[in-house]
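Laboratory data are not the source of any read-out in this text; all were calculated from the coordinates shown. Here the structure is a predicted model, which means the values were calculated and not measured. Glycine also receives a Cβ, built like all others from the backbone with ideal geometry; neighbour counts cover every protein chain displayed.
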């Protein structure tokens, strides 16, 4: 009998074996969780990237559309301003007469032709049109009164009038620019230029047919007046208050009962950026962003197919998922190597038949026990060696399969009898050693006797025959 030592000290050299056996399973679970989390993170990051890219694209498009608007309005903006200083315009307003009106109309006709303005006309203080570039057309503005138009009222108040409306006479949508004509410091009349957006409309139609991007230009009230699709013309993009609607109707701005765009708002991705669907375009889904141009009193609603957004999300998610999958497969390969190593170690330290430890494990165990004993002489452990009686006869009489079953059951009985801190080793073919920690001679002998009796009392059977087994 040797001295004993504590369980923790004895098993410390072998803790790495348990770690090797348990770690791969934990790692595999963690890897699966990490892979799923990576896919989710990739999806969320993909949404973030898609949102940033499309917002930047929207901003570039808005600048492009604004530049196009400004190019279309640049020359027309100057026309009323220049004409307010015209001597013939001032003379006509000072002393209206048919001859002066006709002469001024001819000048306006030539000016409109050279500046690509739809119509230019001059009104007196009462809103009566005295001269117009379309003076010879069937729908001439000459003689008509436009006092009710807000652009006239704004100019008469000394401001620059801007207004989007359908022509009362021509029934054609246009953008009106009005400037007051002053004479001796007093407003004496108003010059107006009406502009159509034919070039802009053609450009937006080309974008729609090529890229399926829906760009809508609206007035300050959100009423669409330039669109690649007629279904959106003269429909409001935003809710309109009753007072606002009444003002529009009283000014005969559109001369129609305005209907709202049948829009179904979807998920909001960011401020001003959201998914939308239109009843006017069944089955289509868009990402929308709106812009306001206060100086022009206009608004711009940009729409790109929602598929653009999801395509970016899918690409980015697939890329990161593929990367995560490569890492996952590499870790799986590492896991398999760990499993293989753990199985080799398990085979080396534990007998596969009896489930008892091997002599290799016992060697390390005993080395640690001796080192502990050298440090702590008061530590003690007991050793019991068992041998199965007449085991060769069991193999000869009942067969090796029966002999293996006997060894297996004996190993199980011994494992059940010893404590967790004790060590049972298959020392030889039928020889078994049991190391008993922290036990004196009496306790060791008592354990040995319990094991001997449990084996002796167990009914070993093979093909209905009882096999006598003793230690």
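Below are the figures for this structure:
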quantity	calculated
Packing-based ranking, highest mean first, of 344-355, 381-392 given that Cβ atoms within 10 Å are counted	381-392, 344-355
The chain shape via C-alpha gyration tensor axes, a/c threshold 1.5	prolate
Cβ-based exposure ranking for 366, 129, 331, in which fewest neighbours within 10 Å come first	331, 366, 129
Under the Debye formula (equal points on every Cα, no solvent term), log10 I(q)/I(0) of the range 351-467 at q = 0.23 Å⁻¹	-1.35
Neighbour-count order for 55, 443, 449, fewest beta carbons within 10 angstrom listed first	449, 443, 55
The range 351-467, relative contact order [Cα under 8 Å, separation at least 6], %	34 percent
Rg to Rh, two decimals, where the range 365-409 supplies the alpha carbon set and Rh follows Kirkwood	1.34
Span from the the range 111-163 Cα centroid across to the the range 444-471 one, whole angstrom	120 Å
Gap separating the Cα centres of the range 24-69 and the range 227-266, nearest whole Å	36 Å
Sorted by Cβ neighbour density within 10 Å, fewest at the top, the residues 121, 291	291, 121
Relative contact order (%) - criterion: Cα under 8 Å, at least six apart; region: the range 204-309	25 percent
Where only C-alpha atoms are counted, convex hull volume of the range 48-138 per residue in Å³	136 Å³
Intensity falloff of the range 80-201 expressed as log10 I(q)/I(0), Debye formula with alpha-carbon point scatterers, at q = 0.10, 0.17 Å⁻¹	-0.25, -0.76
Taking the chain and dividing mean pair separation by its residue count, relative contact order in percent (alpha carbons under 8 Å, at least six apart)	17 percent
Prolate/oblate/rounded call for the range 153-202, Cα gyration tensor, a/c under 1.5 rounded	prolate
Semi-axes of the equivalent ellipsoid for the range 213-306, Cα gyration tensor, largest first, Å	23, 15, 12
Mean Cβ count within 10 Å, highest first, over the residues of peptides 262-273, 229-240	229-240, 262-273
Helix-only [θ]222 nm of the chain, DSSP H runs n ≥ 4, -39500 (n - 2.57) each, per residue, nearest 500	-17000 deg cm²/dmol
Principal axis dimensions, the range 108-153 - Cα atoms, whole angstrom, descending	28, 20, 14
Diffusion coefficient, µm² s⁻¹, Stokes-Einstein with Kirkwood Rh over alpha-carbon pairs of the range 318-390 at 37 °C and 0.692 mPa s	199 µm²/s
